[in-house]
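Notes follow the structure.
Nothing in this text is a laboratory measurement; each read-out follows from the coordinates by a stated rule. Here the structure is a predicted model, which means the values were calculated and not measured. Cβ sites come from the backbone with ideal geometry, for glycine too, and all protein chains shown count toward neighbours.
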Amino acid sequence: MAEGKSDVLQGTLDLMVLKTLESMGSLHGYAIARRIEQVSDHTVMMNQGTIYPALLRLQQRKWIKAEWGVSETGRRAKFYSLSKLGRQKIDTETENWERVAATMARFLAQSS
């Protein structure tokens, strides 16, 4: 892996996708991946092998929905949006990650 780039911590990608759709509205997979990279200041890099399985998983959980449309380049693309359940899950998942981050911050603040 390139210096300064991060692997996506297990479980974080779902919340990144949900928050991206919450803030940006309906997007196709490529746009979701690029937005995650942009918000992370390019420390998280998304590829098709990462983003599309996550989108499928979120669809199966019924947290997002998908429908076919036409991209800004005129190509047929699947557009993803939050479902009602997905909107509810954002709060729960955010609370979980805030708790994990606070716990890790306590460990990182310890003296060696």
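What the table shows:
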{"quantity": "More than 18 angstrom apart: percent of Cα pairs within the chain", "calculated": "54 percent"}
{"quantity": "Amide H partners (placed H, <5 Å) of His28, local residues excluded", "calculated": "Tyr80"}
{"quantity": "Residue order, fewest to most surrounding Cβ atoms within 10 angstrom, among Arg106, Arg34", "calculated": "Arg106, Arg34"}
{"quantity": "Ascending count of other beta-carbon atoms within 10 Å, so fewest first, for Met104, Met16, Met45, Met24", "calculated": "Met104, Met24, Met45, Met16"}
{"quantity": "Contact order relative to length of the range 59-103, as percent, for alpha carbon pairs under 8 angstrom and 6 or more apart", "calculated": "33 percent"}
{"quantity": "For the chain: relative contact order, % (alpha-carbon pairs under 8 angstrom, 6 or more apart)", "calculated": "27 percent"}
{"quantity": "Helix axis angle, 12-24 relative to the chain longest principal axis, alpha carbon, degrees", "calculated": "50 degrees"}
{"quantity": "Helix 29-39 axis, angle to the chain major axis (alpha carbon atoms, nearest 10°)", "calculated": "30 degrees"}
{"quantity": "Summed residue charge, Cβ within 15 Å of Ser83's Cβ, Lys/Arg positive, Asp/Glu negative", "calculated": "+4"}
{"quantity": "Dipole magnitude (debye, nearest 20) for the chain, charges at Cβ of Lys, Arg, Asp, Glu", "calculated": "480 debye"}
{"quantity": "Least to most buried among Asp41, Asp14 (fewest other Cβ within 10 Å first)", "calculated": "Asp41, Asp14"}
{"quantity": "Charge tally in the Cβ shell below 14 Å around His28, where Lys, Arg are +1 and Asp, Glu are -1, His28 excluded", "calculated": "+4"}
